[in-house]
Amino acid sequence: MTESVVTADCSASLHEVGELMRDRNVGSVVICEHGHPAGLITDRDLALIVVADGVDPGEQVREHATRPLVTAESEMDIEEAAALMVQHRIRRIPVVDGETLSGIVTLDDLAARTGDLHLAQHMTAEVAKAALPDFYFHQRGG
């Protein structure tokens with residue numbers, strides 16, 4: 001788990017969140033409402049929202065963050081967190097202790113932690129397959 005999590009308030013603009021990602025060199029930001037984690041937005045989300053969909057970068061991130069936020073509890077073991085990520089088709093999962101944000105775990109973190117290359121490849125493939133079904137089942141000839 002990475003304990004240093006980049007967060008932004010839900011009233012921040014898409015532009016401000018993009019600047020935060022650039023300045024802190026991260027690919028995702030946990031969006032907080034009333035001081036508690038409420039959503040997540042990734043660099044890919046921003047590209048699709050602002051560039052592909054033409055949304056005004058001045059709009060608040062509140063309406064565009066992924067919700068509801070899927071979280072892992074701080075006392076969860078690696079297998080439980082990995083299962084949540086595969087089940088929900090996500091590559092990042094914020095870690096909470098009650099309602100307090102404790103850190104964030106990525107699919108790459110779990111793969112490195114387990115040291116099991118086969119498991120890491122399987123998890124990555126499952127999340128990617130779930131997120132990109134057309135690519136896996138049509139474009140690849142499967």
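The values are calculated or read from the model by the stated rules, or taken from the named source; none is laboratory data. Keep in mind that what you see is a predicted model, and the values were worked out from it rather than measured. Every residue, glycine as well, gets a Cβ built from its backbone with ideal geometry; the counts of neighbours run over all protein chains shown. The accessibility values were calculated without ligands, DNA or RNA, using every heavy atom of the protein model including side chains. Shrake-Rupley method; radii C 1.70, N 1.55, O 1.52, S 1.80 Å.
Below are the figures for this structure:
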item: Tally of residues being in contact (Cβ under 8 Å) with a residue 12 or more places away in the chain and either closer than 19 Å to Leu40 by Cα or open to solvent by 70 Å² or more (accessible area, probe 1.4 Å) (or both) across the stretch 111-128; result: 2
item: Matching helices (runs of 4 or more DSSP H) fully within the stretch 10-102 where at least 1 residues are open to solvent by 80 Å² or more (accessible area, probe 1.4 Å) and modelled with pLDDT under 95; result: 43-46, 78-88
item: Output for the stretch 121-142, where each listed residue is closer than 30 Å to Cys32 by Cβ and either touching a Leu at 6+ places or on another chain (Cβ under 7 Å) or modelled with pLDDT of 70 or more (or both); result: Met123, Thr124, Glu126, Val127
item: Selection from the stretch 74-120 of residues that are within 13 Å of the chain's Cα centre (by Cα) and among the polar types (S, T, N, Q); result: Thr106
item: Flag if Val105 is touching a strand residue (DSSP E or B) at 6+ places or on another chain (Cβ under 8 Å) and modelled with pLDDT of 95 or more; result: no
item: Residue pairs meeting the criteria (Cβ under 7 Å; at least 6 apart or on separate chains; first at negative phi, in the stretch 87-99; second open to solvent by 60 Å² or more (accessible area, probe 1.4 Å) and not in a loop (DSSP other than H, G, I, E, B)); result: Val96/Glu73; Glu99/His36
